[in-house]
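Inspection log for the structure reproduced underneath, given as C-alpha cells.
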Amino acid sequence: MVHLYLGDYLWENNNRYSLASLFLVTNQQVIYDKDDYFIGFFTSTTSINAFLHLWSLSVEMQFYVLVPFIFLKLQDLKDDNQKFITVSLITLLDFIAHAVVEDSFAFNFMLLRLWNFQLILTSETLGYIGDISHVLYLVHWPVIAIFQPYTVKNYVFVILFTFLSSIFFHHFYEQKYLKLDSKILIPFVVILILGNAVLQYSKQFLENGIPSRPSRKEVSKIIIGYNTCPNGRGNISIMMIGNSYVLNMRNPIQALFNYNYSSFKYSALGDSYGFYANNPGSYAAVDYNLRELELYKPDVLFILNRYPISLRGPIEENDVHVQQLNENLKSFEKHVKKIYIMDTHPLYKFGYVDFFLQNVVNRPEALESLHLDRREADKVMKYTKERFSMVKWEKCQFFDLSHVFLDGDKYLNFDRDTLVSYIDNTVHLSPADTIVNGFLGVDIFFVISGFLMAKIITKTRITKANDFLLFYYKRFRRILPLYFLVIFGTVIMVHFYLGEYLWKNNNRYSLASLFLVTNQLVIHDQADYFNAFFTMTSSINAFLHLWSLSVEMQFYLLVPFIFLGLQMLEHNYLKLIAVSLITIIGCIAYLLVLEQFAFNFMLLRLWQFSAGFVALFCANPEKLPNKAELSKDVIFKFPFTKDDICTVSLATLGSCLIPQKLNVMILRPVVTLSTAIIISSENKNFQILSSKLLGYIGDVSYVLYLVHWPLIAIFPPFTIQNYLFLIVSIFLISTVLHHIYEQKYLTLDWKSITLLLSVLILGNGLLQISIRQQDFWKIDYPSDIQKIIDTNKAELPFFWKHDPKRFECTEEKIGEKIEDQKVFGYGSCGRGNGNFSIMMIGNSFVMNLRTPIRTHFNNNFTYFRYISLADGYGLYADTPSSHLSLEISRKNVERYKPDVLFILGRHFSTMKKPLQEDDQLVQEMNNNIKFYEKFVKKIYILDSHILFPLGFMDLFLQNVVHRPEILEGLHLNRMKADMEMKIVKKRFSMLKCTKCKFFDLNHAFLEGDKYLTFDRDTLITYCDNTFHLTSAGLKLCDNALRTVAQEVMDTI
C-alpha cells in the first residue's frame, strides 16, 4: 500500500521502518530517530509513517521474551505475599526510573515500560470489538497514515474502512489461521517471512528506477552549524545565534547585506533559543553563545529561533521566563551594538511537505484547507508575543516575517500558482462537503419493507375483497395519521421561517405529498431543464424526502395483488423462484433505464421490495436435509458460516456511510443483496442487531424519517453547533411525537382512526387554501431587506425572461423533430448595418449571453442568429437528446454559413470524466470543429465556466434574512471551483483548430482565492437558481465580452 498509494518521496523512511518492524525493533528505530535533530520528525504522527504504531507491539514482543525469566525467579518465592511485594517494587522502581529518564527515550524503551506490564487488570470481555482489537490495532494506523483524514468526511471514511477491513480480516483470516495445527502454521509463517523479505528486496522494482535520496552527512548532536562566511568590504561585524533557523535564514540575510560587513559568523545549536533556556541542552547553548559574544563582540547580533512550548504557557505574576529573557538580553547587550530578534512565527506542522505532496497527488481539491487559520495560529503564539512585549531592552528590535504569509484570515503554506510549499518537513521555510452515499439507506428500507409486507400477507390467504381492504386499512392506520400531522406542521413552519420566494415550490410539493405522489412530481421536475434544481437537496424543499414514502405507499397498493398471484403456486420453492426472477429482471430493468427516472418510479423499484420477498422464502424453506441425513464423507464443505456471511453483509451496508462517491450501479444491487442476506439469516446471536438502543431507534424511526428533513431544510446547519442543535432537536421531537402521539393513535379503534384522519385531511385542505389566498402568512421584512429580496426576485426565473431588449429578437419555428420544451430559443435578432454574420449555438447559456454579446456589436453585423437547445453543447454529444441538438446545430451552421460562430454552453459530468488515451470526447470535438471550420471564418468558444450551486439565489436570500454574518462563506473557493473544471480545460487544450479562440469569463468574478457570487454593496446575486448569470453577474462580464466583440469587428 505504501508503494502503490504514497509518493516515492515517502518511500525511504517507510522502508526503514518496515524493515525495523519485521525484526520487531520499531521502538528502537524511534529512539534512534528521536535522538537526531533533523530526522526527529519521522517519529511524529504527521510524518506519514505507516509503521509508526508498531513501536508498541515491538515493546510488547520484547516483553514476551523477558517475561518467562521474571516468573522463573518469582517461582522461587513460595508465598504469594512475597510475589506481590516483589512485583509492586518492580512497578514502583521502574515507574520512578521512567519518570526520571528523558521522556522521548523512556516512552519507547521496553525496560522502562516494564512497570506497565505489572499492573494486570482482569475484566469481562469487551465483546465483538475486543475480538477484532488485534486486527484493528494493526490496520488502523496504516490506513490513517496513507489516507490521511483532513475533513469530517475523511474521518468517517477512515473509521469505516478500518472497521470494515478489520472485520474482513478477522473472519476470513485471523479466525482461520488460529485453527491451524503446528504442521501447517509453521510453514505458513515461514512463507510470510520469506514474502516480506522478498518484498523488502524488491523495493527497487517498486521505485521504478527512481534513485533514493543520498545519505545525509552525519552532524554533531550539539552543533548544527558553526562557521564564518567570507569577509566582506564593510565596517560592521555580524553574528547569528539560535537553532536550525540560523542556517535557514543565513543565506537570505547575508545576501541582503551584499558583503557590506567586515565579518559574518553564525552558530546554530540544537535546543538553542538564543536568550532563553528550559533544559540542560539549552542552558549549555546559552552559556556557549555568551562566551562567543564575549570573544568576538559583534556589532550586530541576530537571534533566530522557533520558540519552545514552555514560552507558550500562561503568563504568571513575576514570570520566571520573562525574568530569564531580560537577564540574558542584559548580558548580551554588554557586548553588541544592536540585537535583532525574530518574532514569533506561525508554527507549521512537522512533515508538512510529505503531507502536502500527498494531497497534491490524491486530494488536490483539499489543498486550500492546508493553509493555517490565522486566528488559531496567532492564538498558539499569543503568550510568547506577550512575553516578548514585557522584555526590557535598550539595543533590541524584534522583526516579524509572519505578515508576508498573510492572506486574509490565513497564513499561506504554499504558492497557489506553482504549488511549491513554503516550508519543508521540519518547520523551516523552503524556497519560494457529510455522507454522499446515504441515499442507499432508502434501498435498505425498501428491502425491509418488502420482507415485512410478505411476512404479514403470508400469514393469511387473500381470497376476497375484504382481505384487500383489511390490509389497506392496517397500512393506512399505521402511516397516515402521523404523516398528515407532520405535513400540516411542516407547511406552517415553511411559511413562518422561510421567505416568500421559497413558498411556491414548497407549496407544490406539499400538495403532491398530501396525495402521496411526491415521487411523480420529482420525476416531472427532473424532466424539465429549468425545474430540475427543485429536486436537489440544495433547493430548500422541505417535502423532498417524502418521495420514498410515496413509492412505499404505491407499493402497498400493488403488493396484495402480487401475493394473490403467488398463492397459485403450491410450493414455497416455486414462490422463491418467482420472486427471485422478479428481483433479477427488475434489477436489470432498473440499471438499463435512465437513472433519474428509475430512482423515483415505483415499478422500477419493485425489485428491491421483491428482494425482501426472497429473504422471507429463504428464511422459511420447506424441506432441507438435516445433519443426520447428510453423508459423512462430504466432498466439499462451505468454509464460511452463516455468522461470517451475515457479518460481511453488515459490513457491506456500512459502505453507505463512506464519504466517498461509489459507483451506485454496482453498490445498489450489492446493498440490496446484503440486506436480504441479513434478514434471511435471522441471526439471534448478533450483538449489533440485538442492541436495545438500536431497537428503540427502530421504534422511533418512522417519526425520525418524517421529521428530520424539514428541520434540516428549514434550518440548514453551517457550523458544528448547528449540527448538534439539529441532531438533538430531531431526536427530541421524534421521541415526544412517538410517545404522546404515535403510540396513542395506534391503540385507537377504526372509528376513532377514521375520525382522526378526516380531521387531519380537512385541516390540511383548509391550510392549503389559506396559504394561497390569505394575507395572514405574508411576512413583513424591514424595508432594506425587502428591497434586496425584491431586486433579486426580479431576476427569476431567468435574466432573458425580463431582458428589456428581448423583443428585438424574433422567435421562429425550428422545423425539426424536437420537443418544444427542449427548444429554449431559436430565431434571429434583426438585420444590422455591418458586413459579417453571427450565429450562436449551445444550451441555455446562449439565451443568457445573447443580449450582452449582441449589444457590444452595436448592430455592426448583417444578421444575428441563435439556437438554444436542451443538451446542446455544440461540440459533442453524450445522450440521445444531445445528439439531436448537435445534429440541428450542425445543419444550421451548414445552412446559414455565419462568418462568426459562438459556441456557448455549461459543460456537464461527461466532460469532467478522467481523460483516456485517444480520448473519444476530444476526437468528437475535433471532428465537429473541423466540420464548422468549413463554413465559418472564426469560432469563439466559451471556456469552462465556474459552476454556481443550484438553487443559489434561494439559499442566498435565506441567509440575507436569517444569517447575514455568514454571507462571505457563500463565495466559491477558487481552487475547488477550478479543480471541478480542470479536466474540461485540459480537453479544450487538446483541441486542434485553426479558426478557434476560447474566451473566459471566470476572471470577472475572481477576488484572491474566491470566485464572488454576489455584490457585497448591493447584495444582488451574480447567478439565479439554475447556474445562469443575473444582470449583475453579466455586468461584471461586460469588459470581457466587449473585448471579444471588438476583436471580431477588428479582424473579420
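Scanning segment 291-313 for residues that are over 43 Å from the mean Cα position of the chain (by Cα), open to solvent by 40 Å² or more (accessible area, probe 1.4 Å) and of a type outside the set (D, E, K, R) yields L295, Y296. For L136, state whether it is modelled with pLDDT of 75 or more and loosely packed, with under 14 Cβ neighbours inside 10 Å. No: the conditions fail for L136. Assess whether L901 counts as being out of contact with any Cys (no Cβ under 9 Å at 6 or more places or on another chain), under 28 Å from D1038 (Cα atoms) and outside any strand (DSSP E or B). Here the answer is no, as L901 does not meet what is asked.
In segment 249-274, the residue that is farthest from P298 (Cα to Cα) out of those that are open to solvent by 20 Å² or more (accessible area, probe 1.4 Å) and touching a Ser or Thr at 6+ places or on another chain (Cβ under 9 Å) is D271.
Taking first residues from segment 313-331 that are small (G, A, S) and partners that are outside any loop (DSSP other than H, G, I, E, B), the Cβ contacts under 7 Å between residues at least 6 apart in sequence or on separate chains come to G313/Y383; S331/L290. Considered as a group, the residues in segment 245-272 that are more than 17 Å from I224 (Cβ to Cβ) and among the hydroxyl-bearing types (S, T, Y) include one that is modelled with the lowest pLDDT, and that residue is Y259.
The condition of being closer than 29 Å to N13 by Cα, open to solvent by less than 70 Å² (accessible area, probe 1.4 Å) and modelled with pLDDT of 85 or more holds for only one of G225, G242, G234, G209, that being G242. For segment 744-783, the set of residues classified as surrounded by 14 or more Cβ atoms within 10 Å (Cβ to Cβ) and not in a helix (DSSP H, G or I) consists of L748, I779, Y781, listed by residue number.
How many residues does segment 591-644 contain that are at pLDDT below 70 and either touching an Asp or Glu at 6+ places or on another chain (Cβ under 7 Å) or closer than 30 Å to D878 by Cα (or both)? Within segment 591-644, residues that are at pLDDT below 70 and either touching an Asp or Glu at 6+ places or on another chain (Cβ under 7 Å) or closer than 30 Å to D878 by Cα (or both) number 0. Specify the residue that is modelled with the highest pLDDT; the eligible residues are those in segment 654-668 that are open to solvent by 30 Å² or more (accessible area, probe 1.4 Å) and either closer than 20 Å to C587 by Cα or in a helix (DSSP H, G or I) (or both). Filtering segment 654-668 for residues that are open to solvent by 30 Å² or more (accessible area, probe 1.4 Å) and either closer than 20 Å to C587 by Cα or in a helix (DSSP H, G or I) (or both), the one modelled with the highest pLDDT comes out as I666. Within segment 582-604, the presence of a residue that is closer than 16 Å to R461 by Cα, more than 36 Å from the chain's Cα centre (by Cα) and open to solvent by less than 70 Å² (accessible area, probe 1.4 Å) is excluded. Output yes when any residue across segment 299-309 is in a loop (DSSP other than H, G, I, E, B) and more than 27 Å from V100 (Cα to Cα), and no when none is. Checked segment 299-309: at least one residue is in a loop (DSSP other than H, G, I, E, B) and more than 27 Å from V100 (Cα to Cα).
The values are calculated or read from the model by the stated rules, or taken from the named source; none is laboratory data. Keep in mind that what you see is a predicted model, and the values were worked out from it rather than measured. Reconstructed Cβ throughout: ideal geometry from the backbone, glycine too, with neighbour counts over all protein chains shown. Please note that ligands, DNA and RNA were not included when accessible areas were found on the heavy atoms of the full protein model with its side chains. Shrake-Rupley method; radii C 1.70, N 1.55, O 1.52, S 1.80 Å.
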